[in-house]
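S.K.: Okay, here's the structure, questions in a sec.
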Amino acid sequence: FGVAFASGESADPYTTSNKLNAELVRLTTEPLFSVSADFAARPELCESYTYEDKTYVFKIKGGVTFSDGSMLSPRDVEYSLRAALEPSSFYSNTLSIIESISSSKKDGTVTVRLKYDNARFPRLLDIPIIKEGTRGEKLPIGTGLYVPKNDFSALVLREGHHSGRIPPYSIISLVDVASTDELLFEFDNHTVSLLTSDPTASSAL
């Protein structure tokens, strides 16, 4: 199984404009919540939460490690959400409801205060969480099911992942493409196994 990767472009999950890299990051990172088929917030890196007076307190799941072996902490979540809030971020409009963010290592929590009430706010937190300080790396470090090989030729399944999930592929080849023509060529040759297209976009694809 192979997926496309544009090595010459950013893989910053918050600012990348390259759809290939944005999808790739989803294999190496996880969000606080994912959105189920019936549009409900499904906890991923969040263990539990409370909501009162425009304030959410998220308890971060314990025992979760990044691909480099370090432990996930509330600081990492705060770092990621703050990055997602930056004006240049793809998620800035989505998270514009946020007034403030803070974290507590002692309590293992992240507190988010909103500008106005929104009982469905967790559904907006389908945002990649990365290790603090790893923005700018070729592929920021995450807690996802896969980790890239050193030469970025493939993604390799992590053993003993906290989710207990066992996906169908233990290795996913990374195919470096620099243009739409290259992407279509690799797809036609079955080197790239997955191709997505937005029917509302203006691109020829």
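S.K.: Please work out if residue 143 is farther than 24 Å from residue 45 by Cα and either open to solvent by less than 40 Å² (accessible area, probe 1.4 Å) or of a type in the set (S, T, N, Q) (or both).
M.R.: On the way: farther than 24 Å from residue 45 by Cα: no; either open to solvent by less than 40 Å² (accessible area, probe 1.4 Å) or of a type in the set (S, T, N, Q) (or both): yes.
Judged against the criteria, residue 143 is not a match.
S.K.: If you don't mind, another one. Inside segment 105-114, can you point out the residues that are surrounded by 12 or more Cβ atoms within 10 Å (Cβ to Cβ) and more than 21 Å from the chain's Cα centre (by Cα)?
M.R.: We begin by selecting, within segment 105-114, every residue surrounded by 12 or more Cβ atoms within 10 Å (Cβ to Cβ); these are 107-114.
Hits for segment 105-114 are 107, 113, 114.
S.K.: Does segment 89-105 contain any residue that is among the aliphatic types (A, V, I, L, M) and under 20 Å from residue 21 (Cβ atoms)?
M.R.: Taking segment 89-105 as the starting set, the residues that turn out to be among the aliphatic types (A, V, I, L, M) are 95, 97-98, 101.
With the extra rule that they be under 20 Å from residue 21 (Cβ atoms), the set shrinks to none.
Checked against the condition, which is being among the aliphatic types (A, V, I, L, M) and under 20 Å from residue 21 (Cβ atoms), segment 89-105 yields no hits at all.
S.K.: Before we move on, is residue 88 assigned to a loop (DSSP other than H, G, I, E, B), out of contact with any Cys (no Cβ under 9 Å at 6 or more places or on another chain) and within 28 Å of residue 151 (Cα to Cα)? Write out each step before concluding.
M.R.: Numbers: assigned to a loop (DSSP other than H, G, I, E, B): yes; out of contact with any Cys (no Cβ under 9 Å at 6 or more places or on another chain): yes; within 28 Å of residue 151 (Cα to Cα): no.
Spelling it out, it is not the case that residue 88 is assigned to a loop (DSSP other than H, G, I, E, B), out of contact with any Cys (no Cβ under 9 Å at 6 or more places or on another chain) and within 28 Å of residue 151 (Cα to Cα).
S.K.: In addition: So, residue 173, is that one part of a loop (DSSP other than H, G, I, E, B) and surrounded by 10 or more Cβ atoms within 10 Å (Cβ to Cβ) or not? Break it down stepwise before answering.
M.R.: Numbers: part of a loop (DSSP other than H, G, I, E, B): no; surrounded by 10 or more Cβ atoms within 10 Å (Cβ to Cβ): yes.
No; evaluated as a whole, the condition is false for this residue.
S.K.: Additional query: Of 102, 153, which residue is open to solvent by 20 Å² or more (accessible area, probe 1.4 Å), touching a residue at least 24 places away in the same chain (Cβ under 8 Å) and not aliphatic (A, V, I, L, M)? Steps first, answer last, please.
M.R.: Working: 153 fails: touching a residue at least 24 places away in the same chain (Cβ under 8 Å).
Unique residue meeting the criteria: 102.
Results for (1) in a loop (DSSP other than H, G, I, E, B); (2) modelled with pLDDT under 95; (3) farther than 24 Å from residue 21 by Cβ, shown as yes or no for each residue.
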{"site": "113", "(1), (2), (3)": "no, no, yes"}
{"site": "135", "(1), (2), (3)": "yes, yes, no"}
{"site": "140", "(1), (2), (3)": "yes, yes, no"}
{"site": "155", "(1), (2), (3)": "no, no, no"}
{"site": "164", "(1), (2), (3)": "yes, yes, yes"}
{"site": "195", "(1), (2), (3)": "yes, yes, no"}
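S.K.: Identify all residues within segment 23-46 that are open to solvent by 80 Å² or more (accessible area, probe 1.4 Å) and under 17 Å from the mean Cα position of the chain (by Cα); write none if there are none. Let's see the steps before the verdict.
M.R.: Within segment 23-46, the subset open to solvent by 80 Å² or more (accessible area, probe 1.4 Å) is 26, 37-39, 42.
26, 42, listed by residue number.
S.K.: Okay, moving on. For residue 83, all conditions in the list (1) buried (at least 19 other Cβ atoms within 10 Å of the Cβ); (2) closer than 27 Å to residue 102 by Cβ; (3) out of contact with any Phe, Trp or Tyr (no Cβ under 8 Å at 6 or more places or on another chain) hold save one; what is the number of the exception?
M.R.: Only one criterion in (1) buried (at least 19 other Cβ atoms within 10 Å of the Cβ); (2) closer than 27 Å to residue 102 by Cβ; (3) out of contact with any Phe, Trp or Tyr (no Cβ under 8 Å at 6 or more places or on another chain) is unmet by residue 83, namely (3).
S.K.: Go through segment 117-133 and report how many residues are open to solvent by 30 Å² or more (accessible area, probe 1.4 Å), assigned to a loop (DSSP other than H, G, I, E, B) and either closer than 23 Å to residue 35 by Cα or basic (Lys, Arg) (or both). Don't jump to the end; show me each part of the working.
M.R.: Going through segment 117-133, the residues open to solvent by 30 Å² or more (accessible area, probe 1.4 Å) turn out to be 117-120, 123-124, 126, 131-133.
Add one more test, that the residue is assigned to a loop (DSSP other than H, G, I, E, B), and what stays is 117-120, 126, 131-133.
Those left that are additionally either closer than 23 Å to residue 35 by Cα or basic (Lys, Arg) (or both): 117-120, 126, 131.
Within segment 117-133, residues that are open to solvent by 30 Å² or more (accessible area, probe 1.4 Å), assigned to a loop (DSSP other than H, G, I, E, B) and either closer than 23 Å to residue 35 by Cα or basic (Lys, Arg) (or both) number 6.
S.K.: Going by the conditions given, is residue 20 open to solvent by less than 70 Å² (accessible area, probe 1.4 Å) and within 25 Å of residue 189 (Cβ to Cβ)? Steps first, please.
M.R.: Details: open to solvent by less than 70 Å² (accessible area, probe 1.4 Å): yes; within 25 Å of residue 189 (Cβ to Cβ): yes.
Yes.
The values are calculated or read from the model by the stated rules, or taken from the named source; none is laboratory data. Every value quoted in this text rests on a predicted model; they were computed, and no experiment measured them. Note that we place each Cβ from the backbone using ideal geometry, even for glycine, and neighbour counts take in every protein chain shown. The protein model used for the area step is the full one, side chains on, heavy atoms only, and it has no ligands, DNA or RNA in it. Shrake-Rupley method; radii C 1.70, N 1.55, O 1.52, S 1.80 Å.
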